[in-house]
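Bear in mind that the values in this text are calculations on the coordinates, not laboratory data. Everything numeric here is computed off the predicted structure, so don't read it as measured data. When we count neighbours, we look across all protein chains shown, and the Cβ atoms used for this are built from the backbone with ideal geometry, even at glycine.
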Amino acid sequence: MTYGFAGLGQMGAPMARHLIGLGLTVYDTRPEAMAPLVEAGARAAADVGELAAASRFVSVMVRDDDQVHEVVSGLLPAAEPGTVIAVHSTIRPGTAVELAGLAAPYGIEVVDAPVSGGFMGAEAGTLAVMVGGGDGAFARCEQPFGAWADLVLHVGPVGAGTRAKLARNLLHFVAFAAAAEAQRLAEASGVSLRRLGRVVRHSDAVTGGPGAIMLRATTAPLDEDDPLYGIMRHVLALGEKDLDLALELARDLGVDTPLAELARDRLADGLGLLRKEIP
């Protein structure tokens with residue numbers, strides 16, 4: 001199989017670099033973005049049509065929905081039937097479904113395959129990729145994606161990959177906002193923010209951070225005979241105690257902590273525990 005890669009930015013370039021030696025053709029509107037990959041052994045395409053003609057599997061990593069539409073629309077007329085186009089950009093779920101519909105008359109399959117792990121993961125080849133598409137298309141994705149990812153998951157039909165990425169990023173950026181709130185409390189308390197950051201990164205690497213509670217198959221309330229029920233009760237007891245202490249400190253220092261207050265109010269439900277059933 002020959003591979004194509006469109007979009008050689010901070011994420012795309014290192015992802016594509018892992019495919020050099022596998023018949024890789026690259027395209028970017030900036031010639032200077034293609035030059036290092038060409039020097040390493042890739043072939044440069046003059047446009048997306050040439051990229052499509054040279055490739056049976058094309059990855060697209062561009063900025064937004066409009067750019068994805070533009071690139072995929074240019075690929076479709078030039079690609080051979082049986083080609084797979086994988087969109088790695090974070091887009092609207094409906095965009096992936098729409099593009100799959102546009103590609104079907106050409107005999108081309110589109111999968112949405114957004115990634116998680118940042119440019120560090122792209123450089124190291126340790127990204128996670130969430131793939132939405134048919135079983136056959138996914139089977140063809142595993143080898144190329146495995147060149148730059150060490151977790152390749154089929155999460156459902158077209159659009160499911162993007163929905164999974166949006167949920168994952170919701171956690172990511174809400175956690176950033178919570179981290180900023182924690183830093184304000186620490187700063188007001190006279191605690192070194194850099195030392196606190198070291199502690200947080202160390203302990204999250206050990207415990208798994210927020211993902212440590214993501215063990216259930218549903219967000220419905222837990223039955224009391226569920227093996228996770230006692231674990232979540234323990235988490236809730238610790239969480240509410242520690243949030244109460246943090247909120248008390250915040251009030252004493254005059255620090256606004258709305259995310260902590262919301263967490264205190266919703267923690268039980270979030271853990272699958274009905275508040276009325278907890279003494």
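Rounded to the nearest 500 deg cm²/dmol, what is the calculated helix-only ellipticity per residue at 222 nm for the chain, with -39500 (n - 2.57) per DSSP H run of length n ≥ 4?
Values: 11 runs with 147 residues, N = 279.
After summing the helix terms and dividing by the residues of the chain, the value is -17000 deg cm²/dmol.
Percentage of Cα-Cα pair distances in the stretch 1-85 greater than 17 Å, rounded to whole percent?
37 percent
Is the stretch 149-279 rounded, prolate or oblate when judged by the Cα gyration tensor, a ≥ b ≥ c being the square roots of its eigenvalues, rounded requiring a/c under 1.5 and prolate requiring a/b larger than b/c?
Note, shape of the stretch 149-279 comes out oblate.
In nm, to one decimal, how far is the modelled label at residue 234 from the one at residue 183, with both set 7 Å along Cα→Cβ?
3.3 nm
Sort largest first and round to whole Å: the equivalent ellipsoid semi-axes of the stretch 3-163, each the square root of five times a Cα gyration tensor eigenvalue. Please list the in-between numbers first.
On the way: eigenvalues 86, 66, 38 Å².
The equivalent ellipsoid of the stretch 3-163 has semi-axes of 21, 18, 14 Å.
Rounded to whole Å and sorted largest first, list the principal axis extents of the Cα atoms in the stretch 215-277.
Largest first, the stretch 215-277 extends 42, 22, 17 Å along its Cα principal axes.
Using only Cα atoms, find the angle between the long axis of helix 160-188 and the longest principal axis of the chain, and express it within 0 to 90 degrees, rounded to the nearest 10.
The answer is roughly 40 degrees.
Could you work out the per residue convex hull volume over the alpha carbons of the chain, in cubic angstrom?
Here the figure is 158 Å³ per residue.
Give me the dipole magnitude in Debye, nearest 20, for the stretch 3-163 about the Cα centre, with unit charges on the beta carbon: positive for Lys and Arg, negative for Asp and Glu.
It comes to approximately 180 debye.
Can you compute the charge dipole magnitude of the chain about its Cα centre, using +1 on each Lys and Arg Cβ and -1 on each Asp and Glu Cβ, nothing else charged? Give it in debye, rounded to the nearest 20. Mind showing how you got there, number by number?
Numbers: 23 positive and 34 negative charges, 93 e Å.
Computed about the Cα centre, the dipole is about 440 debye.
If you average 1/r over every pair of different alpha-carbon atoms in the stretch 82-170 and take one over that average, what Kirkwood value in Å do you get?
12.7 Å
Where is the GNM fluctuation largest for the chain (alpha-carbon springs, 10 angstrom cutoff): 125, 209, 82?
Comparing 125, 209, 82 in a Gaussian network model of the chain, the most mobile one is 209.
Among 67, 217, 20, whose Cα lies farthest out toward the positive end of the dipole of the chain, if unit charges sit on the beta carbon of Lys, Arg (+1) and Asp, Glu (-1)?
Among 67, 217, 20, the one farthest towards the positive end of the dipole of the chain is 20.
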